[in-house]
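Worksheet: one structure, shown below.
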Amino acid sequence: MTHTATRIRSVGPQEVRARLGLPDAMVASKKTDRLDDHFRRFIAHSPFLTMATADAEGRADCSPRGDYPGFVKVLDDRTLAVPDRPGNKIADSFGNLAENDGVGLLFLVPGMRETLRVNGRAHVTDEPDVLARMEAEGRRPVLAVVVEVAEVYFHCGRALIRSRLWDPASRALADEMPSVGEVFTEQYGLDVPPEVIERKLEDGYRKLY
């Protein structure tokens, strides 16, 4: 069975700008290439980020990264490092960075509506001095992603306000979803009870480091 993608009209950059208009002067000038004290403080309090990468052909991927607040380390005014904690070992981000070193990070701090965006170039390292700064629960990561900052700026809170992400009432949305075990058994045609999958996942979650 073949699937055909729905054809949807593409809007070019000039038409996009005509529709949106121009940003005001303060917004247009807010991007910088240095991690000042305010950016550093935000990163030090952030327990979660998303990392966007793409391969040589432009196929994009966005990966979640999380740990104790401050797990990302600022090495200097234009460099930060993100530890690679144990996960699914697919390593999509690493594969992409080997072909295309462009990277985009989005940092969140729980309860804050504003986010921090960092764009730049990145590479993977096993430098012992860098990894030593990222030790957690007595274990060092075996690899880290070093990001050379080209742009850094705060993003306004409208998206998080509209999403009600930090509203406790939003947690009820999870109750309307099937369990991960139910999803996996159906997607992959597994002849096992969903509870078996869920127990294996929980066992894996206990080994965070």
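The values are calculated or read from the model by the stated rules, or taken from the named source; none is laboratory data. Here the structure is a predicted model, which means the values were calculated and not measured. With ideal geometry, Cβ positions are generated from the backbone for all residues, glycine too; neighbour counts draw on all protein chains shown.
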task: Considering only region 196-209, state which residues are of a type outside the set (A, V, I, L, M) and either surrounded by 12 or more Cβ atoms within 10 Å (Cβ to Cβ) or in contact with a His (Cβ under 7 Å, 6 or more places away or on another chain) (or both).
output: Glu198, Arg199, Lys200, Gly204, Tyr209
Residue satisfying all of: in region 42-61; surrounded by 15 or more Cβ atoms within 10 Å (Cβ to Cβ) and in a helix (DSSP H, G or I); nearest to the chain's Cα centre (by Cα) among these: Ile43
query: Which condition number in (1) more than 13 Å from the chain's Cα centre (by Cα); (2) over 15 Å from Val152 (Cβ atoms); (3) not aromatic (Phe, Trp, Tyr) is the one that Arg34 fails?
result: (2)
query: Here are Ala169, Ala91, Ala150, Ala98: which of them is under 30 Å from Lys200 (Cβ atoms), among the aliphatic types (A, V, I, L, M) and surrounded by fewer than 17 Cβ atoms within 10 Å (Cβ to Cβ)?
result: Ala91
Sole residue being more than 20 Å from Asp37 (Cβ to Cβ) and either part of a loop (DSSP other than H, G, I, E, B) or among the aliphatic types (A, V, I, L, M) (or both), chosen from Val145, Val149, Val118: Val145
task: Determine whether region 159-172 contains at least one residue that is touching a Phe, Trp or Tyr at 6+ places or on another chain (Cβ under 8 Å), modelled with pLDDT of 95 or more and outside any loop (DSSP other than H, G, I, E, B).
output: yes
task: Could you tell me which of the residues Phe71, Phe39 is more than 14 Å from Phe154 (Cβ to Cβ), surrounded by 15 or more Cβ atoms within 10 Å (Cβ to Cβ) and of a type in the set (Phe, Trp, Tyr)?
output: Phe71
